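Some notes on the structure that comes next.
None of the figures in this text is laboratory data; all of them are computed from the coordinates on show. Bear in mind the structure is a predicted one, so any value in this text is a computation, not a measurement. Don't worry about glycine lacking a Cβ; one is built from the backbone with ideal geometry, like all the others, and counts go over all protein chains shown.
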Amino acid sequence: MNKKIYLDHAATTPTKKVVVEAMLPYFTEKFGNPSSIYEFSGQNKEAIEEARELVAHAIGANEREIFFTSGGTESDNWAILGIAENYKSKGNHIITTTIEHHAVLHTCEYLEKNGYEVTYLEVDKDGRVNPNDLKEAIKETTILISIMLANNEIGTVQPIEELGAIAKAAGVLFHTDAVQAVGHIPIDVNAMHIDLLSISGHKLYGPKGIGALYVRKGIKLRSFIHGGGQEKKRRGGTENVPAIVGFGKAIELAITSMEAESKRQAELRDYLIEQVLERIPHCRLNGHREYRLPNNANFSFEFIEGESLLIMLDMKDICASSGSACTSGSLDPSHVLLGIGLPHEIAHGSLRISLGEQNTKEEMDYLIESLIVIVARLREMSPLYEDYLKKQAKIER
Amino acid sequence: MNKKIYLDHAATTPTKKVVVEAMLPYFTEKFGNPSSIYEFSGQNKEAIEEARELVAHAIGANEREIFFTSGGTESDNWAILGIAENYKSKGNHIITTTIEHHAVLHTCEYLEKNGYEVTYLEVDKDGRVNPNDLKEAIKETTILISIMLANNEIGTVQPIEELGAIAKAAGVLFHTDAVQAVGHIPIDVNAMHIDLLSISGHKLYGPKGIGALYVRKGIKLRSFIHGGGQEKKRRGGTENVPAIVGFGKAIELAITSMEAESKRQAELRDYLIEQVLERIPHCRLNGHREYRLPNNANFSFEFIEGESLLIMLDMKDICASSGSACTSGSLDPSHVLLGIGLPHEIAHGSLRISLGEQNTKEEMDYLIESLIVIVARLREMSPLYEDYLKKQAKIER
Amino acid sequence: MYTKKVMDHFQNPRNMGEIEGASGVGTVGNAKCGDIMRIYLDIEDEIIKDVKFKTFGCGAAVATSSMATELVKGKTVKEAMEVTNKAVMEALDGLPRAKVHCSLLAEEALQAALWDYAKKNGIVIEGLVEPKPFEEHEEEEEEF
Ligand SMILES: Cc1ncc(COP(=O)(O)O)c(C=O)c1O
Ligand SMILES: Cc1ncc(COP(=O)(O)O)c(C=O)c1O
Ligand code: FES
Ligand code: FES
């Protein structure tokens with residue numbers, strides 16, 4: 001194999017060729033500022049509105065409920081900080097979970113420093129929120145619940161409809177970070193009782209630096225980025241026309257192929273999971289076996305460390321990711337893996353494989369064979385494995 | 001003429017072909033997330049750092065002082081909201097001007113609603129801040145001064161070095177919105193005593209949706225968009241690699257050609273101003289005659305209204321802009337034109353011409369001839385002009 | 001991210017393994033932050049005849065342990081005392097800033113092995129201080 005095997009689609013996806021082609025005219029020819037009055041720019045305004053419809057359609061929303069942002073992170077920040085401020089007179093309590101993306105967690109931590117109270121719901125060993133926990137956490141002062149639709153590390157999908165219904169019954173606004181879910185699993189903001197929803201372009205074969213926030217009609221939400229009158233005065237800044245057009249195109253394609261593609265990827269995923277669990281000892285699958293993104297597999301290999309594993313895979317031209325502390329540059333391994341109760345040293349040896357449209361069964365086989373060799377090699381080098389073997393030997397004696 | 005004559009470069013510029021070409025590989029091939037560990041993404045990290053150096057170089061900063069954002073608007077928001085919060089214990093007073101971009105003004109208004117006090121310095125009839133006014137406005141509680149380097153409507157360039165020196169002497173942080181200035185006039189953050197500076201990519205032939213904030217070393221500035229550890233943990237969100245690369249390339253080209261290009265454009269501008277003032281009666285130039293951007297000309301034509309003027313120009317394939325209330329969708333004409341003391345009815349009949357690298361002398365001639373005809377035509381239709389003529393006739397009788 | 005030398009030592013670690021009945025063994029680190037390093041020394045007449053290592057950690061941790069063993073092999077105990085993390089990093093043409101702590105581990109593991117050797121033989125090595133006791137892997141698990 002001398003071609004890269006990219007298995008890190010949860011980190012980012014390539015922008016599809018057709019998407020780039022759709023964007024290109026808006027850089028050099030139809031480059032006008034959509035706020036301008038001349039006809040030359042009018043077409044850009046239309047292009048934006050077309051993209052808005054495509055985004056709305058993907059989640060069962062109305063296009064007037066879609067606001068473009070610079071990405072998933074901005075969408076999360078806007079939703080949480082905006083609601084926190086707009087509904088301050090109602091209360092200062094926010095509920096989220098321990099396994100959210102940092103875009104949500106760090107925003108909540110910022111709010112905690114500014115007079116808000118945040119409850120971080122724990123999840124079960126598979127990464128799911130217990131709806132009863134949510135019910136019990138809601139107080140008089142609760143103004144917002146923010147629970148991600150699907151987790152970016154372990155792929156666990158939440159019982160979002162049930163959680164949304166609880167929020168609705170309690171009269172509390174419900175935000176969901178759907179960055180990893182859109183284009184992979186069906187979403188309907190009405191059926192799921194979602195009031196605010198974050199999307200990102202580059203996770204669904206669109207460009208980076210573009211995203212959207214869905215805001216249910218009637219919800220007060222202050223501007224997060226103040227400026228010109230763009231996005232119905234809710235988000236200042238010259239519209240990123242090429243990226244918006246590309247985002248629209250990408251989400252349209254993702255929705256069109258979703259059913260077939262997620263089935264295909266889920267089959268590859270299941271094959272991978274089965275083979276790895278069967279052929280590599282001292283290994284576990286993280287995340288829910290069933291309620292999981294079709295393209296996600298996350299393993300922990302005991303006695304080995306994630307960064308080393310990634311580098312060895314990289315040497316075999318395989319791109320993947322890990323929740324190891326050594327990768328993150330912080331001392332603690334992934335908060336998600338700790339959140340599902342893994343001990344530190346097991347969380348260290350984690351590997352996330354996230355599949356994409358180009359991946360094949362052959363690549364899975366190559367990955368599996370490579371993993372078997374690499375894991376064995378790293379265990380040979382591991383003092384932890386040595387200790388384990390010695391202990392085993394003692395027990396057997 | 002059947003080609004568009006684009007004279008609205010202050011609104012946005014086309015992305016240069018070479019810039020798009022520099023970006024392209026980062027969409028489809030080198031698409032990796034720069035935070036990933038595999039070597040495939042390492043090149044993207046390098047590409048970002050190269051672009052950062054180019055941006056730093058353009059304003060005499062160190063690359064470690066440059067943070068990428070989603071555009072000029074975000075940079076302005078971040079600088080002002082961030083400093084306001086970080087230096088709250090020092091005071092709650094901010095000084096700016098009446099003619100700032102809405103990205104600054106609306107951010108200041110937001111702060112006013114949240115316990116801050118903002119002084120809006122008036123400008124003289126040419127749009128310049130009087131340094132003495134700044135000196136007098138500084139109080140014990142002043143924590144930030146934000147004055148734009150060059151105005152987007154009337155092109156007036158501020159005595160920024162002098163203003164910066166005053167801020168420095170008073171120990172107050174100094175932010176400048178340099179979105180319209182970078183790549184057009186020389187900037188040196190040290191010589192000009194600038195602590196924070198906003199830049200936008202799409203105003204200098206780079207892509208939309210990308211910008212930067214310069215933050216002088218040592219200045220505390222909280223994250224504005226909370227998330228992953230990107231941009232030294234100061235700006236969350238997956239890096240917009242193609243846009244960053246394009247921004248770097250564009251700013252490099254802009255700086256390289258700045259001296260020659262600004263001379264060339266200033267000549268065209270001067271020719272245009274001279275011809276228009278000479279050949280069209282009841283017309284004035286807005287902004288300072290000398291301290292002005294090389295590519296900006298802003299006229300007011302008495303008795304006519306800006307939107308009508310723009311539409312007529314559009315019919316002649318000329319793209320320009322106006323500070324008319326009819327264009328802005330609000331009832332008041334441009335705050336900048338009112339800020340330099342124009343009466344409403346004069347501000348209404350304003351026209352902004354902002355030149356670019358592709359514009360030629362022939363285009364200026366075509367514009368001048370078109371303007372003569374259109375202005376005359378609109379005046380024919382104007383009851384204000386009729387009144388004026390009648391009044392004149394009375395006086396002459 | 002890593003230099004060529006680091007990658008070389010990661011891909012082809014020198015002296016990886018264990019020594020049965022070693023003169024000195026040192027294990028340092030803590031499973032909680034992910035770094036565990038063990039160095040085995042075989043010392044005869046104050047000369048390090050053989051050295052082996054095992055490491056649970058990142059690329060930098062593996063490479064620094066490999067390099068550290070190379071730097072001390074065949075050297076006297078006194079010379080081995082001069083193999084600091086700085087020396088190891090220099091020999092690897094540098095490490096990313098976030099990975100400097102991994103090289104400290106190599107220095108500590110080596111000194112822990114030397115301490116073990118000194119203790120077993122009732123000798124004193126000038127400049128050597130007692131390493132922090134290593135928290136056993138099992139205890140970590142119980143704690144959880
Ligand atoms: C002076 C000034 N500041 C800020 C901005 C906002 O920049 P952006 O459109 O990149 O958000 C603009 C342009 O719209 C501008 O002219
Ligand atoms: C669940 C989740 N939320 C938010 C984000 C942030 O999205 P973006 O990189 O577009 O800012 C990501 C990806 O990084 C994600 O996986
Ligand atoms: S006259 Fe119609 S908007 Fe001004
Ligand atoms: S061993 Fe964890 S960062 Fe090096």
Next on the checklist: For peptide A:16-25, what's the mean number of Cβ atoms from other chains within 10 Å of each residue's Cβ?
Outcome noted: 2
Next on the checklist: Output the 0 to 90 degree angle, nearest 10, between the alpha-carbon long axis of helix B:241-279 and the longest principal axis computed from the alpha carbons of chain B.
Outcome noted: 20 degrees
Checklist outcome for this item: Debye calc, one equal point scatterer per Cα of the stretch C:4-119, no solvent, log10 I(q)/I(0) at q = 0.11, 0.16 1/Å comes to -0.29, -0.62
Next on the checklist: Explain nothing, just compute: Karplus ³J(HN,Hα) = 6.51 cos²θ - 1.76 cosθ + 1.60, θ = phi - 60°, for every residue of the stretch B:64-79 in order, whole Hz, x for Gly and Pro.
Outcome noted: 6, 9, 9, 10, 7, 10, 8, x, x, 5, 4, 4, 4, 4, 4, 4
Checklist entry - Based only on the alpha carbon positions, what is the Kirkwood hydrodynamic radius of chain B, in angstrom? => result 22.1 Å
Item to check | Spin-label model distance (nm) - A:A191 vs B:K168, 7 Å beyond Cα toward Cβ | outcome: 6.3 nm
Next on the checklist: Relative to 2.2 N^0.38 Å, what does the C-alpha radius of gyration of the stretch B:231-322 come to as a ratio? Two decimals please.
Outcome noted: 1.55
Checklist entry - Under a 5 Å amide H to amide H cut-off, with H placed in plane at 1.01 Å, what residues pair with A:N286 once short-range neighbours are removed? => result A:N298, A:F299, A:S300
Checklist entry - Roughly what angle does helix B:160-170 make with the longest principal axis of chain B, taking Cα atoms, 0 to 90 degrees, to the nearest 10? => result 50 degrees
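Go ahead and estimate [θ] at 222 nm for chain A from helices alone: -39,500 (n - 2.57) per DSSP H run with n ≥ 4, summed, over the residue count, rounded to 500. List each step's numbers first, then the result.
Values: 15 runs with 176 residues, N = 397.
Helix contribution divided over all residues of chain A: -13500 deg cm²/dmol.
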Next on the checklist: Limiting things to C-alpha atoms, what are the Rg and the maximum Cα-Cα separation (Dmax) for the protein assembly as shown, in angstroms?
Outcome noted: 31.5, 126
Item to check | Rh (Kirkwood; distinct C-alpha pairs) - the stretch B:279-380, Å | outcome: 13.8 Å
Next on the checklist: Taking beta carbons within 10 Å but only from partner chains, what does the mean come to for residues B:213-226?
Outcome noted: 3
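Which value in Å is the Kirkwood Rh of the stretch B:17-254 over different Cα pairs?
Evaluated over the stretch B:17-254, this radius sits at 18.1 Å.
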Checklist outcome for this item: If one compares the long axis through the Cα atoms of helix B:306-315 with the longest principal axis of the Cα atoms of chain B, the angle in degrees, nearest 10, works out at 90 degrees
Next on the checklist: In Å and on Cα atoms, what radius of gyration and Dmax does the stretch B:1-64 show?
Outcome noted: 16.4, 54
Item to check | Centroid-to-centroid separation of the stretch B:68-122 and the stretch B:206-254 [C-alpha atoms, Å] | outcome: 19 Å
Checklist entry - Once you wrap a convex hull around the alpha carbon atoms of the stretch A:163-265, what is its projected area averaged over all directions, in nm²? => result 7.4 nm²
Checklist entry - Once you average over the residues of A:105-112, how many Cβ atoms of partner chains fall within 10 Å of each Cβ? => result 3
Checklist entry - Could you list, bin by bin from short to long, the percent of Cα-Cα pairs of the stretch C:1-61 in 10 Å steps? => result 21, 42, 31, 5, 0
Next on the checklist: Taking 10 °C and 1.306 mPa s as the conditions, I'd like the Stokes-Einstein D for the stretch A:312-369 in µm²/s, using the Kirkwood hydrodynamic radius from alpha carbon pairs.
Outcome noted: 125 µm²/s
Checklist entry - What percent does the relative contact order of the stretch B:17-254 come to when contacts are Cα pairs within less than 8 Å and at least six residues apart? => result 28 percent
